[in-house]
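Asker: Take this structure first; my questions come after.
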Amino acid sequence: MLTRRGFGGIGLATLAGRMLPEVAYAQRAAVHGTLPNDMVWLNANENPDGPPASSIAAMTNVLPESWRYHYQEFGAFYAALAHGEDLAPEQILVGSGSSEILHAAVEAFSSATRPLITVAPTYEGPVDVAAASGHTVVRIPLEPPYVPDLRKLVAEAEKAGGGLIYLCNPNNPTSTVVPKKDLAWMISNLPPNTVVLIDEAYIHFGDTPELASALGYVRQGKNVVVTRTFSKIYGMAGLRAGFGCAPPQLIAKMAPFRNNVISIVTVRAVLAAIAEGNPLVQQRRTRLIRTRRELLNWLREREITFIEPQANFLMIDVRRDAREFIFNMPPKGVAVGRPFPPMDNFLRVTIGTDRDMARFREVFWSLYRA
Ligand SMILES: Cc1ncc(COP(=O)(O)O)c(C=O)c1O
């Protein structure tokens with residue numbers, strides 16, 4: 001039976017209109033009221049690996065110094081981030097999560113006459129900010145196999161005389177990717193006054209050769225903004241750090257729409273994590289891909305269909321209204337993703353630890369076969 005127990009998080013969900021981290025949207029996943037102490041959180045695409053030990057040590061060390069703003073350290077911070085991506089510091093903009101940069105890009109590059117053009121469903125953040133600011137939004141439905149038709153997006157920009165094309169790669173919630181050759185075609189066929197915003201929050205989790213970062217286009221000076229976050233592979237969602245990468249003239253247009261700087265505690269955590277370099281990312285990625293593969297095999301054995309995932313979450317076709325799972329799993333100790341209309345029969349599930357996924361399988365199966 002479909003229960004609407006605890007769907008009272010509407011206050012926070014409404015807030016999401018102007019303040020868009022996943023945390024606000026996660027409230028739509030019906031995880032309220034009295035919940036088990038050992039709740040398994042598979043509703044917000046977080047990473048239970050958490051911050052590396054070196055980041056925790058760096059944060060602990062800086063806490064007594066947190067009475068100061070530490071502004072003089074931000075130059076070196078930007079330089080370290082830029083160096084990690086083979087960019088110059090003036091091609092970087094740091095935000096309180098990548099959410100702040102997405103917000104700034106929407107404000108800077110779309111308007112009532114220059115639409116935000118995207119696919120549906122995708123991550124709601126930029127769409128909600130654009131709508132709340134009175135900007136025009138054009139959404140092209142994503143259909144199986146959930147690969148966007150970039151020609152349609154470019155055609156919309158052409159029609160409007162420019163706009164902001166937002167793509168999430170891999171896409172949230174479908175966990176599918178934009179093939180790199182399609183991306184290359186789009187960048188070389190951009191109409192005038194058009195900026196492309198590529199949200200690469202989940203790029204580290206992909207394992208298909210079809211997936212490529214758009215950072216190369218930033219280095220070439222194209223009209224491209226790429227956002228990255230420390231919330232996902234680095235396991236620091238609660239620390240609120242992300243950044244945008246773009247040619248300096250685009251960074252300059254976005255910068256006035258930022259609200260503030262991130263805390264020195266977060267800066268030190270990020271610096272320590274970057275210093276760990278590629279081995280940290282590879283080790284987390286390998287573990288995630290293994291856990292993901294095990295879940296996919298389990299689903300296949302039961303002939304449960306899903307969209308082949310390229311991120312740290314997947315969409316499972318539950319062959320009935322997914323809200324039945326969304327509302328009934330949390331009281332049994334497992335929080336799962338919110339609804340993503342019109343994909344009403346799909347349940348978005350984050351890949352957690354092996355133990356989390358064992359619990360997921362148990363609770364999911366008890367409801368699925370009922
Ligand atoms: C696609 C996508 N972009 C951006 C964000 C925002 O992340 P943050 O602000 O934590 O960097 C999320 C959050 O889950 C997301 O799914």
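The values are calculated or read from the model by the stated rules, or taken from the named source; none is laboratory data. This structure is a prediction, so every number in the text was calculated from the model and none was measured. All Cβ positions, glycine included, derive from the backbone under ideal geometry; neighbour counts span all protein chains shown.
Asker: Find the residue count for the range 47-85, including only residues that are among the charged types (D, E, K, R) and assigned to a helix (DSSP H, G or I). Walk me through it before giving the result.
Answerer: Within the range 47-85, the subset among the charged types (D, E, K, R) is 49, 65, 68, 73, 85.
Now drop any that are not assigned to a helix (DSSP H, G or I), which leaves 65, 73.
Of the residues in the range 47-85, 2 are among the charged types (D, E, K, R) and assigned to a helix (DSSP H, G or I).
Asker: Which of the residues that make up the range 41-61 are farther than 17 Å from Lys232 by Cα and surrounded by 18 or more Cβ atoms within 10 Å (Cβ to Cβ)?
Answerer: Answer for the range 41-61, where residues must be farther than 17 Å from Lys232 by Cα and surrounded by 18 or more Cβ atoms within 10 Å (Cβ to Cβ): Ala58, Met59.
Asker: Taking Glu308, is it assigned to a helix (DSSP H, G or I), touching a residue at least 60 places away in the same chain (Cβ under 8 Å) and among the acidic types (Asp, Glu)? Write out each step before concluding.
Answerer: Details: assigned to a helix (DSSP H, G or I): no; touching a residue at least 60 places away in the same chain (Cβ under 8 Å): yes; among the acidic types (Asp, Glu): yes.
No, not satisfied.
Asker: In addition: Considering each residue of the range 120-146, count those that are polar (S, T, N, Q) and surrounded by fewer than 21 Cβ atoms within 10 Å (Cβ to Cβ), and give that number. Don't jump to the end; show me each part of the working.
Answerer: Of the range 120-146, the ones polar (S, T, N, Q) are 122, 133, 136.
Add one more test, that the residue is surrounded by fewer than 21 Cβ atoms within 10 Å (Cβ to Cβ), and what stays is 133, 136.
Residues flagged as polar (S, T, N, Q) and surrounded by fewer than 21 Cβ atoms within 10 Å (Cβ to Cβ) within the range 120-146 amount to 2.
Asker: Kindly provide the set of residues from the range 190-238 that are within 9 Å of the ligand (Cβ to nearest atom) and either buried (at least 24 other Cβ atoms within 10 Å of the Cβ) or more than 19 Å from Arg284 (Cα to Cα) (or both), ordered by number.
Answerer: Answer for the range 190-238, where residues must be within 9 Å of the ligand (Cβ to nearest atom) and either buried (at least 24 other Cβ atoms within 10 Å of the Cβ) or more than 19 Å from Arg284 (Cα to Cα) (or both): Asp199, Ala201, Tyr202, Thr227, Arg228, Thr229, Phe230, Ser231, Lys232, Met236.
Asker: May I ask you to list pairs of residues, at least six apart or on different chains, whose Cβ atoms are under 8 Å apart, with the first in the range 192-209 being over 14 Å from Thr229 (Cβ atoms) and at pLDDT 95 or above and the second being polar (S, T, N, Q) and assigned to a loop (DSSP other than H, G, I, E, B)?
Answerer: Short answer, once both residue conditions are applied: Thr194/Asn223; Val195/Asn223; Val196/Asn223; Gly206/Gln310; Asp207/Gln310; Thr208/Gln310.
Asker: Identify the residue in the range 86-118 that is within 16 Å of the ligand (Cβ to nearest atom), part of a helix (DSSP H, G or I) and aliphatic (A, V, I, L, M) and, among all such residues, is surrounded by the fewest Cβ atoms within 10 Å (Cβ to Cβ).
Answerer: Among those residues, the one meeting the criterion is Ala104.
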